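Shown next, in structure tokens, is the structure this report addresses.
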Amino acid sequence: MIAGLLHTVPALAATFDALVADAVPGAQRQHVVDAWMLETAIAEGVTPAVQARVASHLRHLQDSGADAVLVTCSSIGEAAEQAARSLTIPVLRVDAPMAAAAISHLPTIASSINPGDTRSASGLSEEAMGAMVVVLATNTATLGPTTRLIEREAAAQGVDAGVTATVVEGAAAARAGGDQERHDRLIAEAVRAAAADAGADVIVLAQASMAAAAESAGVGIPVLTSPAGGVARLAETLTPSDPGRAAASANRPAPAGSGGTPSAAANRPTLSGSDGTPPAAANGSTSAGSGGTPPAAAYGAPA
């Protein structure tokens with residue numbers, strides 16, 4: 001079977017590669033890394049060009065034989081959901097299990113509301129509701145998609161919950177400058193502040209790149225991160241525990257190779273060329289006057 005992964009942070013490809021290798025032993029991992037999508041989402045929002053790029057990458061992964069794809073960037077999660085409607089393989093948001101877990105961790109709303117109070121839950125104060133999710137992110141592009149995902153999950157579970165979202169100032173710049181220690185420290189400080197001052201019942205770290213900081217926060221409420229849950233959902237999709245449910249690969253043809261085994265090139269980057277194979281160039285910013293064409297993305301397994 002082949003697990004597809006779509007990234008916008010190059011440094012996370014190796015992290016997810018190791019997680020998937022542990023969760024689904026023997027699975028081939030095919031990665032697409034395109035930093036331009038996140039750079040553009042931060043600068044301009046998830047534009048039609050970003051949406052088209054997401055759809056193109058997902059289509060490439062499907063056409064290359066992936067049985068399911070995990071999208072590891074929360075900022076493009078909604079674009080991935082939209083693109084998935086035209087595909088025949090499962091496309092999974094890395095933050096979806098985290099959002100479900102956040103709502104499941106909340107106090108029961110009914111226990112916080114006086115049965116004689118006829119007001120709707122939306123008319124009650126946050127204190128009366130007793131359920132608050134605080135979302136922390138290091139860039140603004142992630143706030144909207146993650147907040148809407150949690151609100152959607154709350155509605156699906158029938159829970160009235162407040163959701164607030166905040167950017168951890170300075171964390172993104174620290175990571176971009178190579179100062180991972182400062183990045184993690186700023187996030188841990190923001191987690192502690194949210195737990196102490198924001199009335200949070202659950203704290204959600206919206207981006208996979210924030211996960212390492214959760215361990216050092218030392219707060220008494222759940223602090224949720226996305227990588228482990230997202231990979232677990234991918235593993236369940238590829239190899240379902242229900243014996244009556246077919247694995248994602250059951251209805252797909254065997255990848256190229258002898259005896260139905262994946263070809264040796266399954267985890268190697270492919271080079272661009274006239275035969276329509278994807279580019280293997282590094283990511284970068286779109287140059288002025290280029291008509292908004294995104295730079296080439298890197299395909300294959302991380303080096």
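The values are calculated or read from the model by the stated rules, or taken from the named source; none is laboratory data. Because the structure is a prediction, the values reported are computed rather than measured. FYI the Cβ positions are ideal-geometry reconstructions off the backbone, even for glycines, and counts take in every protein chain you see. These area figures cover heavy atoms from the full protein model, side chains too; ligands, DNA and RNA do not enter into them. Shrake-Rupley method; radii C 1.70, N 1.55, O 1.52, S 1.80 Å.
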*Which one is surrounded by the most Cβ atoms within 10 Å (Cβ to Cβ) among residues in segment 1-49 that are more than 16 Å from R233 (Cα to Cα) and without any contact (Cβ under 8 Å) to a residue 60 or more places away in the chain?*
T47
*When you go through A200, A188, A217, A165 one by one, which is the residue that is farther than 25 Å from V24 by Cβ, at pLDDT 90 or above, outside any helix (DSSP H, G or I) and hydrophobic (A, V, I, L, M, F, W, C)?*
A165
*Select from segment 200-232 the residues that are of a type in the set (G, A, S), in contact with a Ser or Thr (Cβ under 9 Å, 6 or more places away or on another chain) and open to solvent by less than 50 Å² (accessible area, probe 1.4 Å) and list them in ascending order.*
A200, A206, A208, S209, A211, A213, A214, S226, G230
*Restricting attention to segment 242-251, does a residue exist that is open to solvent by 50 Å² or more (accessible area, probe 1.4 Å) and modelled with pLDDT of 90 or more?*
no
*Pick from segment 140-158 the residues that are β-branched (V, I, T) and crowded, with 21+ Cβ neighbours inside 10 Å: which of them is modelled with the lowest pLDDT?*
T142
*Pairs only if they're at least six apart or on different chains, beta carbon under 6 angstrom, first in segment 161-188 and of a type in the set (D, E), second open to solvent by less than 70 Å² (accessible area, probe 1.4 Å); list them, first residue then second.*
D184/A212; D184/A213
*One residue from V54, V9 being among the β-branched types (V, I, T) and modelled with pLDDT of 95 or more*: V54
